[in-house]
Amino acid sequence: MILLVINGAPRSLDLPEDFPLLWALRDILGLMGTKFGCGIAQCGACTVHVDGVAVRACITEVGSVAGSRITTIEAMADTPIGTALQSAWLELDVVQCGYCQAGQIMSAGALLAENPAPDDVAIDAAMAGNICRCATYQRIRAAIKLASRQPQADRRHQ
Amino acid sequence: MTTISRRLFLQTGAGATGALVVGFGWSDTAAANARPMLLGNYVSIGIDGTVIVRAPNPEIGQGVKTSLPMLIAEELDVDWDRVRVEMAPNDPTRFGQQDAGGSMSIHRNYTALRRVGAAARWMLVDAAARQLNASHGEFSTAHGRVHHSSGQSFDYGELAVAASLLRPPDPKSLVLKDPAKFSIIGTSRRGVDSARIVRGEPIFGIDMTIPDMAYAVYVKAPVFGARLLRCELAAARAERGIIDVFTLKGQGDRHGLQDGIAIIASSWWYAQTARAKLEPLWDTAIGVGHDSTLYRDKAHSLLAKPGAMLEEKGDVEAALAQAAQRLTADYEVPFLAHAPLEPQNCTARVKGDSVEIWAPTQTPEEGRQLVARTLGVAPDGVVVHMRRAGGGFGRRLENDYMAEAASIARHAGVPIKLVWSREDDFAHDFYRAASYHRLRAGLDKRGRVSAFAAHGVTFAHGSEVAQAAGIEGNGFESRVVPASRLEQSLIPTIVPTGYLRAPVSNGLAFVRECFWDELALAANMDPVAFRLAALSNVGGSGGSFDAARMRAVLEAVALRSNWARTRLAKGQGMGVACYFSHSGYFAEVARVRVDADGHWQVLNVWVAGDIGSQIVNPLAARAQVEGAVMDGIGSMHAEITVVNGTAIQTNFDGFPLLRMPEAPVVDVEFVMSTAAPTGLGEPALPPVLPAVANAIHAACGARVRQLPLTAARIQAARRG
């Protein structure tokens, strides 16, 4: 048995050590907010926080995070950063298909926890691992700045 | 109640508010034939005033779950905040053509759905008129209330039951609102599902869960169309979590079930892991000779000979002979994958002849028919529930995964959720076809294009042009050049091809509009002025291509981008292109930076687009353009290479998509015209590819005529 602490609640799972966290969340625990996109940590749709750090759940073995604090999109509204990001996402109408957006918000959340006012370079670095197939990047960038109370203009190429 | 429910579509029961919910509608045949007027299907009003509007078409990120109900709510005269949007069931007898493709949703529904709202409003007014024994002319409506000239007023909820008992109006008698009075259409409204999405709620196809469901993977051939000869299943069956492993026989339909091995497990991961224990033997001989390199060689030999004539105007050879200057160039675009971020998936339950399907799909009705054919059951027994799709881009116009899930569920005897791996998705797409082009043009002494000949080589399945692979004119050259010709040649292929966002145009725009840039420079003219001059050779509208609308967007984008007036840093360049597709006119300017090593980055894109007289939802409309532009830029980095009938790129590491650091700043302006409103999912995409390629040429002198537009090709062109 492996003990995971997910969104504050201890969950005991009968899974092999190398079972990916993504599928434990989705198929075993029914937490569907964390998405499957590529399976090889290329797209970021499965981003969750492990002890506050953004990780790709598709390549994270449950055995490696036993006892760690795991946060998923379902619990992001419980934090001030999470609610600020979610409201900014809605305010700027970031979502197109929406499939990647949970992962985007998780990556943005980890960024803001570490850097409360990230500039464009910091946003590029933190968000480069998250693909948005609809390419909502312009609004994601603006929403991260809105959530961190910064002017929204993209200053990279001025 | 019996008589009421026979003639009317009356829904009773506890809604979210616990209120009685009444739907408007009728069941007499004449009215039922007037498809968009089936009010009970689209609008329900509760006695508490709750208004439910059903969204008929699949939501794949293009925003129609919001924009189509806005059309109804506008004419219904109800505040948008009061409207709850629900997804309609798949039922073309009630909702007409329920698909997501061709940027057709607004085009097809703009007036029809406004009539639905207007009819519902008419019935509420009629109910009030009967109650007060007054005529319709004495009433007005606003904010979900009917007002009488006496000052008396009713909330829609108070009139809902009475209105539901009335006969609906003749659709032709309805007067639609003056657009100047719109309070919902033309205002920015946020996506109706967005709040649930940012909270991670399970609303996508892949999130579907039903009782007693198992998980499935389906292992198909590594070569397109290869048959399964044999496979030992015991080793996979012995793996942890595995419930069943079995083979299925394909049905010879490229769009349906293929030979494969299904693995059923208690978690998708167990099924996926057990694949490694299979050692299937496939008859891969079919793939021999199907190879990107061989296709290219074949294409060049075909380009040296005449092709089949698709369009011809005037004597092109004579015009070329008389030209003051002649240009010839070969262009090429590769196969591309769709790669929607939500992998193909489908949840299916089969009980005898009754089948229930939950899937992300762009064509639910085609899916229903395919499932019925695949299982040999009557279509009436098949129900397809439309789930929100994590992207479509044309891939989910195909429902192959639906045929697989239904077949697997029937054989397994339990409900299953089939999920494709990303590798499955790259290996079994319906790819954007590669194509190879030779363009020839003549310029007269004044620098005008006097002759234009295009020959494109594309692919065939049997004797037919492969799906979505046909070479087409877009009206531009045939209208603006006195002598023009379009030829096509075909290469037989086994590669499945299909519609990718802005199909055909997504490749041809690059080919044509880069060549027009070459022509402009040969004529020693500014590329914007050159196009405007060509477009001024034809008068007004006529045919499907309206030169005046194209001129207007070109002029707008030149102004907006400060074209030819911007002082650019070293290594930077600006390029322009325009293209007409999906009824939309788009002109785009890109500013790029090319580094010494040939790597390039798009810094800005300015877009001017004309999709008619009305933008339904400006906030979402700009989003479609921003996304289409970046999608087009992303596609310039990617290709699917075919080797012996196999796509060799397997995941996002081999098929790069645009990422945050590469995303340019996109500026969007809509140019309003008097044309009827048309769609926006696609037409902003095609011109960005040539605009970027032309900007790269302006920045560093490298004319790259082949996609993907790699640094190596830029360096080679610089040396050449």
Reported set for the range B:323-375 where residues are part of a loop (DSSP other than H, G, I, E, B) and touching a helix residue (DSSP H, G or I) at 6+ places or on another chain (Cβ under 6 Å) is B:ALA337, B:HIS338, B:PRO340, B:GLU342, B:PRO343, B:GLN344, B:ASP353, B:PRO360, B:THR361, B:GLN362, B:THR363
Subset of the range A:99-158, residues at the interface with chain B (Cβ under 10 Å from one of its Cβ atoms), assigned to a helix (DSSP H, G or I) and without any contact (Cβ under 8 Å) to a residue 12 or more places away in the chain, comes to A:ALA125, A:TYR137
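Take the conditions in a loop (DSSP other than H, G, I, E, B) and free of Cβ contacts under 8 Å to residues at least 60 places away in the same chain and apply them to B:SER140. Does it pass? If you could, list the steps in order and put the result at the bottom.
Details: in a loop (DSSP other than H, G, I, E, B): no; free of Cβ contacts under 8 Å to residues at least 60 places away in the same chain: yes.
So B:SER140 fails the test.
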When B:ALA693 is run through (1) away from chain A (no Cβ under 14 Å); (2) assigned to a strand (DSSP E or B); (3) hydrophobic (A, V, I, L, M, F, W, C), the failure sits at (2)
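With the structure loaded, tell me whether B:ILE210 is in a loop (DSSP other than H, G, I, E, B), more than 10 Å from chain A (Cβ to nearest Cβ) and buried (at least 19 other Cβ atoms within 10 Å of the Cβ) or whether it fails that test. So that I can check it myself, show each step before the final result.
Working: in a loop (DSSP other than H, G, I, E, B): yes; more than 10 Å from chain A (Cβ to nearest Cβ): yes; buried (at least 19 other Cβ atoms within 10 Å of the Cβ): no.
No; evaluated as a whole, the condition is false for this residue.
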The number of residues in the range B:213-223 that are within 27 Å of the chain's Cα centre (by Cα) and at the interface with another protein chain (Cβ under 10 Å from one of its Cβ atoms) is 0
Considering residues that are in a loop (DSSP other than H, G, I, E, B) and either outside the structural domain of B:GLU555 (by TED's automatic domain parsing) or crowded, with 20+ Cβ neighbours inside 10 Å (or both), the number found within the range B:497-537 is 8
inquiry  = Among the residues in the range B:65-75, are any over 12 Å from B:LEU113 (Cβ atoms), within 14 Å of chain A (Cβ to nearest Cβ) and under 21 Å from the mean Cα position of the chain (by Cα)?
reply    = yes
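Does B:ALA638 count as hydrophobic (A, V, I, L, M, F, W, C), surrounded by fewer than 24 Cβ atoms within 10 Å (Cβ to Cβ) and under 18 Å from the mean Cα position of the chain (by Cα)? Can you show your working first?
Details: hydrophobic (A, V, I, L, M, F, W, C): yes; surrounded by fewer than 24 Cβ atoms within 10 Å (Cβ to Cβ): yes; under 18 Å from the mean Cα position of the chain (by Cα): no.
No: the conditions fail for B:ALA638.
Before we move on, is B:VAL625 crowded, with 24+ Cβ neighbours inside 10 Å and more than 25 Å from the chain's Cα centre (by Cα)?
So B:VAL625 does not fit the description; no.
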B:ARG438 passes all but one of the listed conditions (1) of a type outside the set (A, V, I, L, M); (2) within 14 Å of chain A (Cβ to nearest Cβ); (3) over 22 Å from the mean Cα position of the chain (by Cα); the exception is number (2)
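Looking only at the range A:5-19, how many residues end up being more than 14 Å from chain B (Cβ to nearest Cβ) and in contact with a Gly (Cβ under 8 Å, 6 or more places away or on another chain)? Step through it out loud before you land on a result.
Let us first name the residues in the range A:5-19 that are more than 14 Å from chain B (Cβ to nearest Cβ), namely A:5, A:8-12.
Now narrow it down to the ones that are in contact with a Gly (Cβ under 8 Å, 6 or more places away or on another chain): A:5.
Of the residues in the range A:5-19, 1 are more than 14 Å from chain B (Cβ to nearest Cβ) and in contact with a Gly (Cβ under 8 Å, 6 or more places away or on another chain).
Hey, can you tell me all the residues within the range B:463-483 that are assigned to a loop (DSSP other than H, G, I, E, B) and out of contact with any helix residue (DSSP H, G or I) (no Cβ under 8 Å at 6 or more places or on another chain)?
Quick first cut of the range B:463-483, residues assigned to a loop (DSSP other than H, G, I, E, B) only: B:463, B:466-475, B:481-482.
Selection gives B:SER463, B:ALA466, B:GLN467, B:ALA468, B:ALA469, B:GLY470, B:GLY473, B:GLY475.
Quick test for you: out of B:ALA460, B:ALA451, pick the one residue that is assigned to a strand (DSSP E or B), in contact with a Ser or Thr (Cβ under 9 Å, 6 or more places away or on another chain) and either at pLDDT below 95 or surrounded by fewer than 21 Cβ atoms within 10 Å (Cβ to Cβ) (or both). Lay out the reasoning, then the answer.
Details: B:ALA451 fails: either at pLDDT below 95 or surrounded by fewer than 21 Cβ atoms within 10 Å (Cβ to Cβ) (or both).
Result: B:ALA460 is the single residue among B:ALA460, B:ALA451 that is assigned to a strand (DSSP E or B), in contact with a Ser or Thr (Cβ under 9 Å, 6 or more places away or on another chain) and either at pLDDT below 95 or surrounded by fewer than 21 Cβ atoms within 10 Å (Cβ to Cβ) (or both).
Looking only at the range B:408-425, decide whether some residue is of a type in the set (Gly, Ala, Ser), surrounded by fewer than 24 Cβ atoms within 10 Å (Cβ to Cβ) and within 19 Å of B:TRP269 (Cα to Cα).
There is at least one residue in the range B:408-425 that is of a type in the set (Gly, Ala, Ser), surrounded by fewer than 24 Cβ atoms within 10 Å (Cβ to Cβ) and within 19 Å of B:TRP269 (Cα to Cα).
Looking at the range B:175-195, which of its residues are within 14 Å of A:ALA88 (Cα to Cα) and charged (D, E, K, R)? Walk me through it before giving the result.
First, the residues of the range B:175-195 that are within 14 Å of A:ALA88 (Cα to Cα): B:190-191, B:194-195.
Of everything in the range B:175-195, just one residue is within 14 Å of A:ALA88 (Cα to Cα) and charged (D, E, K, R), namely B:ARG190.
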Any residue in the range B:476-488 that is within 27 Å of B:HIS338 (Cβ to Cβ), among the basic types (Lys, Arg) and either in contact (Cβ under 8 Å) with a residue 60 or more places away in the chain or out of contact with any Ser or Thr (no Cβ under 8 Å at 6 or more places or on another chain) (or both)? no
Residue hits (the range B:256-309; touching a strand residue (DSSP E or B) at 6+ places or on another chain (Cβ under 7 Å), surrounded by 15 or more Cβ atoms within 10 Å (Cβ to Cβ), part of a loop (DSSP other than H, G, I, E, B) and not hydrophobic (A, V, I, L, M, F, W, C)) are B:ASP259, B:SER266, B:SER267, B:PRO280, B:HIS290, B:ASP291, B:GLY307
Those residues of the range A:80-91 which are without any contact (Cβ under 8 Å) to a residue 60 or more places away in the chain and either facing chain B (nearest Cβ under 7 Å) or not polar (S, T, N, Q) (or both) amount to A:PRO80, A:GLY82, A:GLN86, A:ALA88, A:TRP89, A:LEU90, A:GLU91
- Can we say A:VAL55 is over 18 Å from B:MET208 (Cβ atoms), among the aliphatic types (A, V, I, L, M) and either surrounded by 22 or more Cβ atoms within 10 Å (Cβ to Cβ) or in contact with a Phe, Trp or Tyr (Cβ under 7 Å, 6 or more places away or on another chain) (or both)? no
Note on B:ALA405: of the conditions (1) crowded, with 23+ Cβ neighbours inside 10 Å; (2) of a type in the set (A, V, I, L, M); (3) assigned to a strand (DSSP E or B); (4) over 21 Å from the mean Cα position of the chain (by Cα), unmet is (3)
Note on the range B:153-205: residues assigned to a strand (DSSP E or B) and within 14 Å of another protein chain (Cβ to nearest Cβ) are B:PHE204
If we keep only residues of the range B:379-402 that are part of a helix (DSSP H, G or I) and among the hydrophobic types (A, V, I, L, M, F, W, C), then the residue nearest to the other protein chains (Cβ to nearest Cβ) is B:LEU397
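Do we find a residue being out of contact with any strand residue (DSSP E or B) (no Cβ under 8 Å at 6 or more places or on another chain), on the phi > 0 side of the Ramachandran plot, outside any helix (DSSP H, G or I) and of a type in the set (Gly, Ala, Ser) anywhere in the range B:40-50? Write out each step before concluding.
If we filter the range B:40-50 for residues that are out of contact with any strand residue (DSSP E or B) (no Cβ under 8 Å at 6 or more places or on another chain), which is where we start, we get B:48.
This time we only want the ones that are on the phi > 0 side of the Ramachandran plot, so: none.
No, there is no match, as no residue in the range B:40-50 is out of contact with any strand residue (DSSP E or B) (no Cβ under 8 Å at 6 or more places or on another chain), on the phi > 0 side of the Ramachandran plot, outside any helix (DSSP H, G or I) and of a type in the set (Gly, Ala, Ser).
Residues are listed down the side, and each one gets a yes or a no for (1) within 30 Å of B:ASN651 (Cα to Cα); (2) of a type in the set (A, V, I, L, M):
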site	(1), (2)
A:ASP51	yes, no
A:ALA66	yes, yes
A:THR72	yes, no
A:THR83	no, no
A:CYS97	yes, no
A:MET106	yes, yes
A:ALA110	yes, yes
A:ALA135	yes, yes
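The values are calculated or read from the model by the stated rules, or taken from the named source; none is laboratory data. What you see is a predicted model, and the numbers here were worked out from it, not measured in a lab. Here the Cβ is made from the backbone with ideal geometry for all residues, glycine too, and neighbour counts use every protein chain on show.
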